1. Given H placed on each backbone N at 1.01 Å, which residues far from L63 in sequence or on other chains put an amide H within less than 5 Å of it?
2. Along the Cα→Cβ direction, 7 angstrom out, place labels at S291 and T12. What is the inter-label distance in nm?
3. HN-Hα J couplings of segment 129-134 from phi, Karplus 6.51/-1.76/1.60, θ = phi - 60°, integer Hz, Gly and Pro as x?
4. Could you tell me which of the pairs K117/K192; K112/K181; K144/K181 are separated by over 22 angstrom between their Cα atoms in the structure shown?
5. Cross-link list K176/K219; K119/K230; K29/K285; K176/K269; K230/K273: which exceed 30 angstrom alpha carbon to alpha carbon?
6. Restricting to DSSP loop positions (anything but H, G, I, E, B) with no more than 16 other Cβ atoms inside 10 Å of their own Cβ, which trypsin sites (Lys or Arg not before Pro) remain in segment 245-315?
7. Kindly write out, for segment 108-116 in residue order, the coupling ³J(HN,Hα) from the Karplus curve 6.51 cos²θ - 1.76 cosθ + 1.60 (θ = phi - 60°), rounded to whole Hz, with x marking Gly and Pro.
8. What does the C-alpha gyration tensor say about the overall shape of segment 4-233? Classify as rounded when a/c is under 1.5, otherwise prolate if a/b is larger than b/c, or oblate.
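Just so you know, all these numbers are worked out from the coordinates, no wet-lab data involved. Keep in mind that this is a model prediction, so the values were computed, not measured. All Cβ positions, glycine included, derive from the backbone under ideal geometry; neighbour counts span all protein chains shown.
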Amino acid sequence: MINDASVLKQPTYYEEVERKGYTRRDFMKFVSMITAFIGLEKSAIGQVAKALETKPRIPVIWLHFQECTCCSESFIRSSHPIVADILLDKISLDYTETLMAASGTQAEEALKNTMTKYKGQYILCVEGSVPLAADGVYCMLGGKTSIQILEEAAEGAAAIIAWGSCASNGCVQSAKPNPTKATPIHKLVSGKPVIKVPGCPPIGEVMAGVIVHYLAFGKIPELDRLGRPKAFYSKRVHDSCYRRPFYDAGLFVETFDDENAKKGYCLYKVGCKGPSTYNACGVMKWNNGTSYPIQSGHPCIGCSEENYWDNGRMYERASAFPGFGIEANADTLGKIALGVTAAALAGHAIATNIGKHTAIHNLEEEGKESEHELNV
């Protein structure tokens, strides 16, 4: 839980919004947007707004290990400017190798001061996996290995957010044979809540939503069995895909330059992992809700799932998933549908005839009994 006493002198998020020149309307639009993204009901908008109006900002330490910085890039390019200007800039990032102006001794002092002054209060965000091979020498900062830095920073953190697939599950660095022994964050820390936000990278609004939930309610969001926020990882990309009707009808793109591709048919046969990938891409999309890979003609590579880099070739279809369309075409499905209908009609006819014969038999038996009674 957040203890506001130790950060009481810090400005609130709303005060920073005003200072940056945003209007009350801008603020409420942001709150409405982020509340919906978090998966809360409309009635929660007031609660989120009040939290951002009254709560002082929470210190954030953002560490970078084995990664490509795409998570940071995604976050600062969120569709709403308040995400970058307030949540990122004024959240404030007390320490981050990528975005802070300080360097060298000055940067190290900022990290040390934050861990000491706000012990038990700060959010620790980690981008990238941690290499354990060769005593961790594959990733070092300021003469320390990344595992040393992680252990020191995690000790006083209130909660840890593992940004992206690198921090959440090791990503490509841990692909076989994993020469650096790249390891995800949840396997290296204990006794602290760890929120996994996988994706390569995750969507900026998803990242903002996770932070706002913690700011507003003082606790981590509800997680699935893999430690991912249910608000963003409870449905498959396949379930919200606009190409789903083509999948159900058995209409597939066979090659990227065929006529079916031009018609927007399902991309399963050219490697789409949407049926087995849990993410919010098809709902939230990217670049201010403009598009996402499948809409741009590229199959989902399943980047938010563990071991996606070792699960077969990227542009070959995976093993069959539940549902129509996987190993059939529209004609076959049509024949199957007709066959099922014919079988159902035949079954109905048989059942009806059996019923008629049973009724006639019963009537005949009743007639014999009546005739016997009269003769007696």
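1. The answer is C125, V126, E127.
2. 4.2 nm
3. Taking θ as phi minus 60°, the curve returns 8, 10, x, 10, 5, 6 Hz for segment 129-134.
4. K112/K181
5. Pairs exceeding 30 Å: K176/K219.
6. K263, R313
7. 4, 5, 4, 5, 4, 5, 5, 5, 7
8. It is prolate, given that a/c is not under 1.5 and a/b is the larger ratio.
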